[in-house]
Each structure stands twice: as C-alpha cells, then as structure tokens.
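The values are calculated or read from the model by the stated rules, or taken from the named source; none is laboratory data. None of the values given here were measured: they were computed from a predicted structure. All Cβ positions, even for glycine, are placed from backbone atoms using ideal geometry, and neighbour counts span all protein chains on display. Note: areas computed on protein heavy atoms with side chains; ligands, DNA, RNA excluded. Shrake-Rupley method; radii C 1.70, N 1.55, O 1.52, S 1.80 Å.
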Amino acid sequence: MDALLDFLNWVRLTLGGFMTSAGFGGLMAGLGVLVAVQKNINERRTVHDSAERERWWKTFDWVDKNIDELDPDTFTGVFQELLDASTVQGQRAILEGLMANYQAHTVTRAEARREAAQHRQEQQSALLRRLRREPR
C-alpha cells in the first residue's frame, strides 16, 4: 500500500510540476495556435464553397435566361462547366432539366427555321409566277 501511495504522490508531483512549467505553457500555446489555424481553414473553406455555389447559380441563371440565343458550342461549354462545378445531387437534377429545355428549344428553333425557309420559298415561287405572267 505504501508503494502505491508513493507512486501516486510521485505522479502528482511530476504532473503538477509539468503543468506549471514553461514547457506545458508552450505546449498549450502551440495547441491553441493549431486550433485557431484549423478554425481559419474551415472558415475559408466555407466562404470558398459558398462563393462557388453562388457562382454556379449565377451561371445557371444566365444560361436559363439566354437559352434562346445560345449556339450549341456555347451551351455545351457552359453546360460542361456547370456539370464539373456541381457539388450536390440537386444541381445535377437541375442540369438534366436544363438540357431537356435546351434540346426542346433546339427542336423548336429548327422547326421555326424550316417554316421560315418554306415561307420564303413560297414567296419566291409566287414572285416567279408573277414575273412569268406579267410581260413588260
């Protein structure tokens, strides 16, 4: 029993001496610096992630608003950037909808161009008929 008490007394004195030493103070100061650095890294990461999400949404909004004017190469390039920058499943689902919307607009534009070309051809044919009927 005396040996146990001597050991516990030695531990108390050793730890007590260390905890009041300059070495322990330095260790705790170093630990405090590490905690502050980690907190700073986490805050920067949060700010960066937030800025990236905001940029993603602004780009998406721009594409969605200008979908009628975008040529296929521009749309494909911006779509690829959005896909690469997407970080959550919800963004990927939104991109699926954006692609479907663009493809529908592409079909609509192609149909409109065909109709316009057909209309021009009919106008030109009517002008040719008129030209052939009206001698000058």
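So that you can scan it fast, the table gives a plain yes or no per residue for (1) outside any loop (DSSP other than H, G, I, E, B); (2) under 21 Å from HIS48 (Cβ atoms); (3) at pLDDT 90 or above; (4) open to solvent by 80 Å² or more (accessible area, probe 1.4 Å):
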{"residue": "ASP68", "(1), (2), (3), (4)": "no, no, no, yes"}
{"residue": "THR76", "(1), (2), (3), (4)": "yes, no, no, yes"}
{"residue": "PHE79", "(1), (2), (3), (4)": "yes, no, no, no"}
{"residue": "ASP84", "(1), (2), (3), (4)": "yes, yes, no, yes"}
{"residue": "THR87", "(1), (2), (3), (4)": "no, yes, no, yes"}
{"residue": "GLY90", "(1), (2), (3), (4)": "yes, yes, no, no"}
{"residue": "ALA93", "(1), (2), (3), (4)": "yes, no, no, no"}
{"residue": "GLY97", "(1), (2), (3), (4)": "yes, no, no, no"}
{"residue": "ALA100", "(1), (2), (3), (4)": "yes, no, no, no"}
Neighbours by Cβ (under 6 Å, 6+ apart or cross-chain): first from the stretch 63-87, within 19 Å of ALA110 (Cα to Cα); second open to solvent by less than 40 Å² (accessible area, probe 1.4 Å): ILE67/TYR102; PHE75/TYR102
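Do we find that ARG44 is closer than 24 Å to VAL88 by Cα, open to solvent by 90 Å² or more (accessible area, probe 1.4 Å) and either outside any loop (DSSP other than H, G, I, E, B) or in contact (Cβ under 8 Å) with a residue 12 or more places away in the chain (or both) in this structure?
Details: closer than 24 Å to VAL88 by Cα: yes; open to solvent by 90 Å² or more (accessible area, probe 1.4 Å): yes; either outside any loop (DSSP other than H, G, I, E, B) or in contact (Cβ under 8 Å) with a residue 12 or more places away in the chain (or both): yes.
When the stated conditions are applied, ARG44 passes them.
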